[in-house]
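The values are calculated or read from the model by the stated rules, or taken from the named source; none is laboratory data. Predicted model only: the values in this text are computed from it and were never measured. Quick reminder, even Gly has a Cβ in these numbers, built from the backbone with ideal geometry, and neighbours come from all protein chains shown. For accessibility, only protein heavy atoms count, side chains too; no ligands or nucleic acids. Shrake-Rupley method; radii C 1.70, N 1.55, O 1.52, S 1.80 Å.
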Amino acid sequence: MKRIGMTGVVNLVLGLMLALFLALGAGMALAEVPPLISLAGLAALALLVAAVRQRQPRRTLIALLFFVAPISISKALVVAGPQFYAPGLYVTPGHLAVVLLALWLLQRALRERLALPLTRLDALVGVFCALVWARSFGTPDDALALSSALSYTLAMLAFYVASHTLKDAADLRLALRATLLVLVLQAIHAAAQMATHSPLPLPGAKALAQGFNLTFGGAGEAFRATGFLIHPNSLAHHMTLVLPPALALALLGRQLPRRVWLGALLALAIASVLLVLTLSRGGWASALAGAALVVVVFLRRGLLALRHFAAALLALSVLLMGLVAVYPQALLRLTEPDDRSTESRLLMIDQAATIIRAQPWAGVGFGMYSRANQEYTSPALGGVSADYQRALRQSIVHSHYLLLGAELGLPAMVFFVYLLWCWLRLPWQVRHWDDPATYALAIGLAGSMLANTVFLNSDNYYADIRVFQFWLAAGVLQALTLQAQRRASRTGCPGVPS
């Protein structure tokens, strides 16, 4: 009997996915889904068909992964009960692509009889993964905790897969093209949302009942775009990943091929506009931190002249004044009442601190924060009305750090902060970069890591699609440094000092 290799398996799966996309397209047509919503599905179908015809499963999956990563279509397999909230286990197209790429890596290692690649940072991520799984046993609901741990593990797997399947510049260009394509489609969808003042959820997306509208006291109101994601803050998070690398490439100007530079400008413009439309203050502050890192590094390395920086600041000031004139809601978001949003965050932080003080070393168990939130009461939370207190207990603390501290313990939280520090330092671990564009992209992704270091402390990240995207971006950053180290060892080219 003829043996079927990994390529045959992947092609079979891709064929099944292609049939699924065709069935989805037909179903959308029969259901009379609006054209703008179905556009992303048709683009994914075209991308998949073109990639399958090339008979390159790895590159097909790379393109598919980076196209679907910011599209929040999921199927829940294990969910929490009505009283408690936890991630549980769900799958998205991005999860499927990551698993298939992991299988490709495993098959390649078995075929070539080589050990799977393992960097020091991979090992550190493995330690963190072990901490998550260790605190998933012995909880009040082991099934929910273990399924939640599996969801978070898929995000960490995205880091490893991106690190070791983006092998060269051609793979990187493919990932960037897929990212730009879905960004353009996301902008079209967001424009339709703003025009209709409706979230226009994608088929299969989990639509929320709130979070789209803001009321600024008696000063007015605003609708917040969500794009292909389920909440405005999630769209803002995606833009904090895109904006710093796009800015870094755009600042290179003539050092890039014209079409690459124009693509970077397009991505920068779309990310900036969408970030404004989310009206996410945490997203704004985070993106500013990431952009500041890019600008400071470029000024220090001589990649950005001081006079050009001054001109850019002047142009930005003019744009901001124009923004306030045509979209005053952006200024109102900073100056008017926020429907007790800040107060709620502070109360949830105090509640999380109370849980951490109760179990500082091992935490309450992964996925068990919501249960502990019902059992503990901080002094500040006890001082608010019963209805307000009930609403706060149904939410998750808006800080990934405190969430990890409450569920896994303070040592695990500190270890996660150390991982963030390791990611931020990656571009400087390469002594010389032989390509200014690759160096700029690495600095931009370091800016994305810094932006998310800020954003992680202002929103309710759990094992969701935002965490998946964050770990995926960190994997791309490690892939860039590994590529640069391999090229430097082969050529000895001085390039750009880090």
* What do you reckon, is residue 157 open to solvent by 30 Å² or more (accessible area, probe 1.4 Å), within 18 Å of the chain's Cα centre (by Cα) and within 19 Å of residue 59 (Cα to Cα)? -> yes
* Asked: Which one is surrounded by the most Cβ atoms within 10 Å (Cβ to Cβ) among residues in the stretch 192-208 that are part of a helix (DSSP H, G or I) and touching a residue at least 12 places away in the same chain (Cβ under 8 Å)?
  -> 193
* Structure fact -> Of those in the stretch 353-372 that are assigned to a helix (DSSP H, G or I), in contact (Cβ under 8 Å) with a residue 40 or more places away in the chain and open to solvent by 20 Å² or more (accessible area, probe 1.4 Å), the residue farthest from residue 391 (Cα to Cα) is 353
* State whether one or more residues within the stretch 121-141 are open to solvent by less than 30 Å² (accessible area, probe 1.4 Å), hydroxyl-bearing (Ser, Thr, Tyr) and modelled with pLDDT of 90 or more. => yes
* To do: Evaluate the following for residue 350: is it of a type in the set (D, E, K, R), in a helix (DSSP H, G or I) and without any contact (Cβ under 8 Å) to a residue 12 or more places away in the chain?
  => no
* Give the stretch 463-474 a look and list any residue that's surrounded by 24 or more Cβ atoms within 10 Å (Cβ to Cβ) and either charged (D, E, K, R) or more than 30 Å from residue 370 (Cα to Cα) (or both), or say none. => 466
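Residue-by-condition table, conditions (1) at pLDDT below 95; (2) within 21 Å of the chain's Cα centre (by Cα); (3) not polar (S, T, N, Q):
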site: 355; (1), (2), (3): no, no, yes
site: 367; (1), (2), (3): yes, yes, yes
site: 375; (1), (2), (3): yes, no, yes
site: 379; (1), (2), (3): yes, no, yes
site: 391; (1), (2), (3): yes, no, yes
site: 401; (1), (2), (3): no, yes, yes
site: 410; (1), (2), (3): no, no, yes
* Asked: Would you call residue 455 open to solvent by less than 10 Å² (accessible area, probe 1.4 Å) and farther than 22 Å from residue 166 by Cα?
  -> yes
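What about residue 102, is it among the small types (Gly, Ala, Ser) and over 21 Å from residue 237 (Cα atoms)?
Yes.
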* **Flag for residue 481 being closer than 23 Å to residue 171 by Cα, assigned to a helix (DSSP H, G or I), open to solvent by 10 Å² or more (accessible area, probe 1.4 Å) and in contact (Cβ under 8 Å) with a residue 40 or more places away in the chain** => no
* Structure fact -> For the stretch 244-300, the count of residues that are at positive phi and either acidic (Asp, Glu) or over 21 Å from the mean Cα position of the chain (by Cα) (or both) equals 1
* Report, by residue number, each residue of the stretch 235-268 that is under 28 Å from residue 200 (Cβ atoms) and touching a Phe, Trp or Tyr at 6+ places or on another chain (Cβ under 9 Å). => 235, 236, 237, 238, 240, 241
* **Condition met for residue 389 (at negative phi and touching a strand residue (DSSP E or B) at 6+ places or on another chain (Cβ under 7 Å))** => no
* Would you check if residue 342 is out of contact with any strand residue (DSSP E or B) (no Cβ under 8 Å at 6 or more places or on another chain), open to solvent by 20 Å² or more (accessible area, probe 1.4 Å) and assigned to a loop (DSSP other than H, G, I, E, B)? => no
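Taking the stretch 70-86 on its own, how many of its residues are under 28 Å from residue 365 (Cα atoms) and either of a type in the set (A, V, I, L, M) or under 16 Å from the mean Cα position of the chain (by Cα) (or both)?
9
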* Asked: Which pairs do you get when a residue that is among the β-branched types (Val, Ile, Thr), found in the stretch 283-294, comes within reach of a residue that is at pLDDT 95 or above, reach meaning Cβ atoms under 7 angstrom, with the pair 6+ apart or on two chains?
  -> 294/244; 294/247; 294/248; 294/443; 294/444; 294/447
* Scope the stretch 373-411; condition among the hydroxyl-bearing types (Ser, Thr, Tyr) and open to solvent by 10 Å² or more (accessible area, probe 1.4 Å); matching residues -> 376, 377, 385, 388, 395, 401
